[in-house]
Structure formats: C-alpha cells, structure tokens
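What follows draws every value from the coordinates through simple rules; no lab data is involved. Since the model is a prediction, treat every value here as computed from it, not as a measurement. Here the Cβ is made from the backbone with ideal geometry for all residues, glycine too, and neighbour counts use every protein chain on show.
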Amino acid sequence: MRTHRLHVRVLRRAAPTHVDLPLSAPRRLLPSQGLSPLRRSPRGREWTFHLGLVRPREASSVPRLSPRSIVLRGPHTHAGFLAQTKCPTDGSETLDLEADNSDNSQAMETSMSSQLPTDTICVIKKVKINTNEDGSPVVLTRKMDLSLNASAEYDCPSAESAVHRWDIFSVPSLHDVPDWSKSLDVPELQFRSGKTVMLIPEGSLSWGVYVVSFSVTVTTGKPTVNEESRSDHIYITVVRSPLEAVISGGANITVNFTDELVLDGSKSSDPDAGSPLDGLHFSWYCTTNPNNYKGQKIKVLSKQLCHPDQADLQWTGATDPVLTLLPKMLKGDRIYFFRMVIKKGDRTAFSVKKVHVLQGPEPTGNIVCIENCDTVLVISERFSLFLNCPSCAVSHDVFTWSILSSPGKEMPFDWVGQTATGRNSDYLSIKAFAFREFLEAEFWISLVLDTWSGSILILKYPFVINHAPEIGKCKINPPNGTAFFTKFVVRCRNFKDKNIPLTYKMIVSDLHGFGKISSLKENTLGSILYMGDAPKSPPSFLPAGVLANSYGIKIYVQVYDSLGAFSQVTLYATVRAPTDKNSSKTVLHQLLNFTMGPNSAIPPLLQKRDFLSAGYLTYVVASVLNDMKTESTLQADK
C-alpha cells in the first residue's frame, strides 16, 4: 500500500467559528479530520473560501481554484460549502483553504494522509518507434532490408499480459491517414526481442507509401483498470532504386591518336530489374568544355564539339552501351569530356569520362604554285597555289592563309572579295589585280595548318610584286567603218614601265559574250588583232558589230612589261555589216575570193605558220557570214 500525505493549511481572516473540511478522492482512502474551532464573529459577514492543491515547491505561486463565496449572518452555524480538487498519486502535497473577510488574517493548519492501493495503478508512459530522423519518413528501395526497433515504458504492477503489435498500412501519399482497420498482410515480416524489433526483408513491400504502427496493450484483469493501450507510427516510402551509370575504367584515361577508343558502359544497371540492362536507353555526349555539363543539364546546342560532323553535343547514332571510336577519329593533343546518360521511365543517371588524346605524328607538306609561278608575280594575272600534303586529313585540318611582308608582318587583305577560294581551304586562288595597291617588294604567302593529329605546321611561299606599266592612251582610227571595206589602225602612247621592252596585245572582244575569265577584272576573251613591240597595229579589218548593240564592238589593248605584268585599256568602234552597202550575193562572192581566191590572204599566213593572224581573218569572215540574212537563193552558195 502506498501512503500520500495531504497537508491542509487554513488561512483565517476572521473566519467563522467552525469550519469542517471533508476530503474525498476516487479509489482513495481518506481519513477525515476536522479543523480547530474558530471564534464566531459577532455579526454577519461575507466569506470567500479558496481551495487548491499546492506543491511544496510552488506554494507561493500556484494558481488556486476559483473562489466560492458565502454570507454568514447571525449566531447560527452555516450549513457550509462544497469545493473539490484532484488528489495526487505520487507523494505528500498541501491543500490550501483560505477564508477572506475584512479582519486581519489568522492562520490555522491541519494535515491528513490518503492511502491508495498500488494494484489499482497502470500507466503506459512511453511508446516510440526509434528512427534516425525524428518526424522524417524512412526511405528505402525494394532491394533494401529495413530493421525497426521500438521502445515502451509502463508502470503496471498488476499487469497480467502486455502485447506488442506491429501493423503496416498502405496510404496514397505522405501524411495521409490510413484506414486503421485495414492493415496489410505481409508474411515476410520477422520479429525479434519480444516483438520490439521488426525486420522488413527486401522485396516484401511494393513501391509506394506506408504507415508502420507499433502499439502496446497492457491487461490487468482488475475491474477498475482492465486494459491500457498506447501506440506510435511512422511513414516509410519504398522508392525505385536509382539507376547506376558506370563507364568501365578510371575517371581519366589517355589514348594515342592512332589507337581505338572504347568507352564501355555495359556495367550500368537498374538494380530493381532482373536483367541489369533491361529497358535501359543509352545516349552519349561529347564536348571539349566540361562547363557544358551542369548537373543533370546539358547544353546540347553548344558549339564546343568534339568532331566537325557533330550537329550538337549528342554523339550521332550512339545508342548502345559501348561507344567505339576508330583510330584518328578524335583530334590529337586535345581533352574531351564524354557523358553517358541512361534512362528508364522517369529515372535517369549519367557517368562522365575525361579522355586525353595524345598528339599524333606531324605530317610533312609544302606549298605548290599552279598559276603565276615566276619569282616576280604578275599582278595582272591570277595567282594560284595549293597544299601538297599526302598525310594530311584535308577534310578536318584547319587552313589559314596569310600574306606577310618581308619582316614577317601580316598584310591587310580582302580575302572575300579578292580571292575565289577564301583563306581556309587547301587551295588558294587570288584574283588578278588583287595586289594593285601593294608596293613593289618581296612578300610571303604563309599557310598555318592546324592538323587533325594535333600538330601545327607553318609553310611559306615567297613572291615579288611587279606592278603593271603606267597606263597611257590608245586611239582607234577611224572610229566608224564597214567590215571588209574599212581598215582600222589602233595607236597607243605614253605607257611607261622600268621593265622594258613593252609588248602590245590588241584583242577584239567576243561579240556575243559567251566567254568569261573569272580571274580578270575585264572579260578579255576574243580574237587577237595584233601582238608585238610596236605601239601601233597594222591597218586591219574589224568584224561587223551586232545590230542589237548598234554595231558597236569593244577592243582591249593590253600593254605588258618585260616581266609579264600588263595594263589594259578599252576602245570602242562602230563597224557596220557590208550588206548595208552591197547585196548579200555580192558580199558572198567577195568573201569567197578573200578566203579561196588567187589573191587570198589566209593561205600565205598558214604557210608561214602565222596561225594567230590567219585565225583572226577567219574570225572576221565568220562574223560577216553570221550577219547576213537568210535567203533561199544564197543557201547553196553559202
């Protein structure tokens, strides 16, 4: 039997002559004791009584029960008042009864003890499932075991049995309240240490969210306290295992330029799958800048590519677990960052491999001239070169042509407008007159070749610029005439150059514009009227002009110095067809005599092997024939 002391103190402010304090408590035995009698007040007063539990440490500050008031008048004893407070179960306490009126306070005290049978007490103080993180759900995969332990504390000397029970409930999401009447049947569960430890073996629960409950029920068999129960619960989440992306080997590898590169991702897996690679989708990415990878994100459209054939960072056609790159596929002397990404459903994982490709063998090559190849460059002609390098990977090498002065300074140059090839090809074609503004001096054509093997090759080709003769004046006399009747003379003067003698070439332009030389500023296709040292042509026929151009023809005069550079001027003349003066039949007979008659000029030229002059006369005859009208009577003669 446990004994509790109830200490009662009555504070009297002119209290009534007699106050009785009966106490009671459920299931407690309280012996009754009265208070000492108090002297009755001579007149009626209003009394206020306060009754409350005061613990020894808190006697000065504990809140008391609300006051109960009663008026006592006259000499008769009042029937009294009723108030109550809860009795303690764990030791000696003080009950405070206070009566107030206007008189000075006086106090009287009394005490009494309560006796409580111990076999009626049954308190479960604590039930808790112990986890590492309070309040946080436990996260596991189907490949993981989970061991949960719980602790329980209770004070129940009369307990006949204590039952520990584990239950698992399925819920849609975290913090949802389960249906407590529908626990899951999980036969794989294992229990230890009197069921305070529960083991959930791997694979016992499907993916989802669960509530795990642990309860303690104590039975006493006493009618007053038959059963006490208390429980605790936690949330657990069974998630799919993260995918495992693995590229065999170390994080950094080094390979030779001429070696095959193999990146093996076949050890990647889905831990939840029976077959590790089942359902995995592979993709490969490559960049020369690791900053293009930011966590799960990839700057796919970055231009920092590993290969010129890549449209973006994703390696084209690479969808297998193993990526194999042939020798020389990657540029030498460079570092690459490969990323393998695996996907399955909404899960992804990646692995990164840093690959250093060593520099390959340095190729050998030289610049070869194709056109205008003398030491002194003729600026009025096209200048063409190419790289002769059998061991170069022309499709991947990077070419940069430059023009350097003799001291090695790069010269400004219009690579778009003055070349047919640009400056980034293995061929270089510089248009005629492109060096017109350059001084006469020695220069270098330089080619910097960034080879695919990783080496840098620098090649040079020397040349000297020679300017064309200073332009003078040319004149045709007469400016108008008729084909095959009028002889024209072209005369030039005041052309100057230090490299003499000068040579004069006079060209009758292609009348129909069929020919074109892209490397020249002017179209100079046509028949050569004269070529020689004299600045004056011999009297010569000119072909008939075209009616659509008002019979106008164009004559180019090119004046060359001794090194081959030339200047060019253009003359115009009006040459009518001979059929404007004579009938077509008459003109036809004249042409026949000129070409095949006894006084024909063409056969002697052919005999002297002067094919240039013979060809020009033939051209003039043909121009007249082409201009004649089609007449049925002339068909046979023509």
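The convex hull drawn around the Cα atoms of segment 366-466, when projected onto a plane and averaged over every direction, covers 6.1 nm².
Considering all C-alpha pairs of segment 252-357, those separated by over 25 Å amount to 19%.
Between N366 and R423, the FRET efficiency from the beta-carbon distance, with R0 = 22 Å, is close to 0.75. With the cut-off at 29 Å, tell me which of the pairs K294/K344; K431/K554; K328/K460; K299/K460; K195/K222; K267/K299 have Cα atoms farther apart than that. Long pairs (Cα-Cα over 29 Å): K299/K460.
Rounded to the nearest 20, the Cβ-based charge dipole of segment 352-452 about its Cα centre (Lys and Arg +1, Asp and Glu -1) stands at 440 debye.
The calculated pair-distance distribution of segment 123-239 uses every alpha carbon pair, bins of 5 angstrom beginning at 0, and gives 2, 11, 21, 22, 19, 11, 7, 4, 2, 0 percent. Lys and Arg at +1, Asp and Glu at -1: add these up for the other residues within a Cβ distance under 14 Å of V238 and post the number. Overall, the nearby charge balance is -1. Between T141 and K498, the contour length at 0.36 nm per residue exceeds the Cα-Cα span by 119.2 nm. Normalising the Debye intensity of segment 321-414 to I(0), with uniform scatterers on Cα atoms only, and taking log10 at q = 0.10 Å⁻¹ returns -0.55. The 3J(HN,Hα) values that the Karplus relation (6.51, -1.76, 1.60; θ = phi - 60°) gives for segment 526-541 are, in residue order, x, 9, 7, 6, 7, 8, x, 7, 6, x, 10, 7, x, x, 9, 6 Hz. Gly and Pro appear as x. Along segment 409-426 the Karplus relation, 6.51 cos²θ - 1.76 cosθ + 1.60 evaluated at θ = phi - 60°, assigns HN-Hα couplings of 7, 6, 8, x, 7, 8, 6, 7, x, 9, 10, 9, 10, x, 10, 10, 10, 6 Hz to successive residues, with x for each Gly and Pro. The residues packed around D185, meaning those with a beta-carbon under 15 Å from its beta-carbon, carry a net charge of -1 if Lys and Arg are +1 and Asp and Glu are -1. Count the net charge of all other residues whose Cβ sits under 15 Å from the Cβ of Q314, scoring Lys and Arg as +1 and Asp and Glu as -1. Local net charge: +2. Using 0.36 nm per residue and subtracting the Cα-Cα separation, the extra length available between H307 and D510 on full extension is 68.2 nm. Over the Cα atoms of segment 431-586, the radius of gyration divided by the Kirkwood radius equals 1.16; this is the Rg/Rh ratio.
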